[in-house]
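**Q** If you scroll down you'll find the structure; I have some questions about it.
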Amino acid sequence: MSNRSILGATIADYVSSHSEPPDSVQVALIEATIAATGDAAGMQIGSDQGAFMSILTAVIQPRFAVEVGTFTGYSALAVARALPADGRLLCCDVSEEWTAIALHHWKIAGVSDRIDLVIAPAIETLSTLPAEPRIDLAFIDADKGGYVDYYEAILPRLSDRGVILVDNTLWSGAVADPAVTEESTAALRSFNDHALADPRSEVAQLSIGDGVTIIRRR
């Protein structure tokens, strides 16, 4: 999760100002996140990424979507608002404190009835999913060391039209710098290489926010 951008401040501001702006509920959620989480507020996705996710959701029209890592709920709100009438979003997170902020703002936005929040390790939640319904849209934005496991749990469950979005895959450009060896960077490099080498998947790396990888099953 991150509202960081690899683009630099000038271009990042331009991108945000030329993307669908956040509405009053989203602005309130941004402000509540900053007030409640302090430095951790940087884990929230940017509004331009939220706009992208809403548009993609509207195009795909997923009946079943999954989010791994919800934080205070901005990305879930972006997806839930664009779901079709029969669409559901499963959110996986481990923090009752941060997701309480999400629950409050989802209710204000009128999307609570479309979202199922499960507080438990995401890999446990994913491993107990039934074979049906298939996942039409997934968003992975949690602990970086778990990315490969989350991907492996979700990919076999994707529908024929399903896609996976994976956040922070450029990590402020650190993944491209071999001198950076800290744990999260190394984990993201491993994930990026793993997904690209997987013959089951088609992968595109997008320079949105802090890097978003979009994956579909071949």
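**Q** With charges only on Cβ, +1 for K and R and -1 for D and E, what is the dipole size of region 1-104 about its Cα centre, in debye, rounded to 20?
**A** Roughly 280 debye for region 1-104.
**Q** Same structure again: So with the 1.4 Å probe, I'd like the accessible area per residue for the chain, rounded to whole Å².
**A** Result: 46 Å² per residue.
**Q** Highest mean first, how do 62-69, 96-103 rank when packing is the count of other Cβ atoms within 10 Å averaged over residues?
**A** Result, highest mean Cβ count within 10 Å first: 62-69, 96-103.
**Q** Out of every Cα-Cα pair in region 80-218, what percent are more than 19 Å apart?
**A** In whole percent, the long-distance tail amounts to 56.
**Q** Here is a further query. Apply the Karplus parameterisation 6.51 cos²θ - 1.76 cosθ + 1.60, with θ equal to phi minus 60°, to every residue of region 138-145 and state each ³J(HN,Hα) to the nearest whole Hz, in sequence, with x for glycine and proline.
**A** So the Karplus estimates, Gly and Pro as x, are 10, 10, 9, 7, 9, 4, 5, x Hz.
**Q** Now a separate question. Using bins 10 angstrom wide from zero, how does P(r) for region 165-218 break down, in % of all Cα pairs?
**A** Reading the bins upward from 0: 26, 54, 19, 1.
**Q** At q = 0.25 Å⁻¹, what log₁₀ I(q)/I(0) does a Debye calculation on the Cα points of region 5-92 give, no solvent, two decimals?
**A** Values returned for q = 0.25 Å⁻¹ are -1.31.
**Q** Note down the Stokes-Einstein diffusion coefficient of region 1-150 in µm²/s, whole number, using a Kirkwood radius over alpha carbon pairs, 10 °C, and 1.306 mPa s.
**A** The estimated diffusion coefficient comes to 102 µm²/s.
**Q** Can you give the calculated 222 nm mean residue ellipticity of the chain, where each DSSP H run of n ≥ 4 adds -39,500 (n - 2.57) and the sum is split over every residue, rounded to the nearest 500 deg cm²/dmol?
**A** -12500 deg cm²/dmol
**Q** How would you rank 196-204, 158-166, 15-23, 209-217, highest first, on the average number of other Cβ atoms within 10 Å across their residues?
**A** Put in order of decreasing packing, that is 209-217, 158-166, 15-23, 196-204.
**Q** When the accessible area of the chain is computed with all protein chains present and a 1.4 Å probe, what percentage of it is carbon and sulfur?
**A** The nonpolar share, carbon plus sulfur, comes to 57 percent.
**Q** Need one number: the % of Cα-Cα pairs in region 67-162 sitting beyond the 16 Å mark. If you can, show how the numbers build up before the last one.
**A** Numbers: 2423 of 4560 pairs.
Distances greater than 16 Å cover 53 percent of the Cα pairs.
The values are calculated or read from the model by the stated rules, or taken from the named source; none is laboratory data. It should be emphasised that the depicted structure is a prediction, and the values quoted were computed from it without experimental measurement. Don't worry about glycine lacking a Cβ; one is built from the backbone with ideal geometry, like all the others, and counts go over all protein chains shown. Note: areas computed on protein heavy atoms with side chains; ligands, DNA, RNA excluded. Shrake-Rupley method; radii C 1.70, N 1.55, O 1.52, S 1.80 Å.
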